[in-house]
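The values are calculated or read from the model by the stated rules, or taken from the named source; none is laboratory data. In this text, all values refer to a predicted model and were calculated from it rather than measured experimentally. Glycine also receives a Cβ, built like all others from the backbone with ideal geometry; neighbour counts cover every protein chain displayed.
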Amino acid sequence: MERKIVNKLLAWKDNARRMPLLLQGARQVGKTYTLLTFGKKYYKNVAYFSMEESGDIPAVFERDLNPERIIRELSALSGVSILPHDTLLIFDEIQASEKALTSLKYFSERAAQYHVAAAGSLLGIAMKREQFSFPVGKVDLLHLYPMDFEEFLWAVDKKDLSVLIRESYDCFTPFSLHETALDLYKTYLVVGGMPRVIQEYIDKRDFDFIAAAQRTLNDSYVADMARYATPQETARIMAAWGSVPAQLAKENRKFQYRVIRSGARSGEYQVALDWLSAAGMIYKCVRVTEGKYPLAAYAENESFKVYMV
């Protein structure tokens, strides 16, 4: 699937002052797939390592963080020649290894000739829970979001239509295929922007399979809540998460805590909402009193809506 972020990845690759890349985003938005396909297309070699694997790979980072030693051992473990400039070195699920995250600093300072890209989900939450340190100023940050409508059109082989839509929008001209585009947009609203679910739509065109893929995705999110939060926090996080569809179905002008539970107050669930936001599972849209820059100066932080990823 074609993703717009590839243009930013190319700019990173060609930047003479490039630092290790940290690609963030919610689970299942396509971080691993995007890095792997980018590496296979634009590099001679790709060396992929998941920090959630038990055994030898995480152990490589448990000694000193000398980049040259790490390169030698990872090359030996994978059987891939890790070459300066010609190999994309991918550290996946980097939130699972504090030492691997810290190593990005040393790659930036001592081994900039190696192209290192790390991907992480729930990174902020894991860092807070495990008290990780972050290599501030030593990484280039990018964020990957679910596929937007234009990317959806590319995926379902409607790229020509996406070009016509953009031309009509940019030139303020009538669009003769408006109804066709609107039907596809309605389909996109049902399917969503998660690559796995979109692939189910492409393969099956059966909304039972699509709904099953969406449930599987939701189950993985719920499992993360239990993994990265205390039991008390998990209960509140799950309650807040489960209330989002009901919040959106109502004609509320703002998020209402009583929809989560009768009599609920903001103090009880603010941490839960912050957790969901940090995990990339929700977006908080804050109301502003004036449409002027900087928007933050006109924000009413107590009045907001919440949207699912």
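Annotations for the structure displayed:
- Residues that are charged (D, E, K, R) and within 14 Å of Phe107 (Cα to Cα) within segment 46-88 comprise Asp64, Glu68, Arg69, Arg72, listed in sequence order.
- None of Thr180, Thr216, Thr230, Thr234 is exposed (fewer than 15 other Cβ atoms within 10 Å of the Cβ), of a type in the set (Ser, Thr, Tyr), within 28 Å of Phe304 (Cα to Cα) and without any contact (Cβ under 8 Å) to a residue 24 or more places away in the chain except Thr230.
- Considering residues of segment 92-121 that are charged (D, E, K, R) and touching a helix residue (DSSP H, G or I) at 6+ places or on another chain (Cβ under 7 Å) only, the residue nearest to Ser50 (Cα to Cα): Asp92
- Selected residue (criterion: farthest from Ala119 (Cα to Cα)) from residues of segment 289-304 that are without any contact (Cβ under 8 Å) to a residue 24 or more places away in the chain and surrounded by 14 or more Cβ atoms within 10 Å (Cβ to Cβ): Tyr298
- Members of segment 110-120 that are farther than 13 Å from Arg18 by Cβ and modelled with pLDDT of 95 or more: Arg110, Ala118, Ala119
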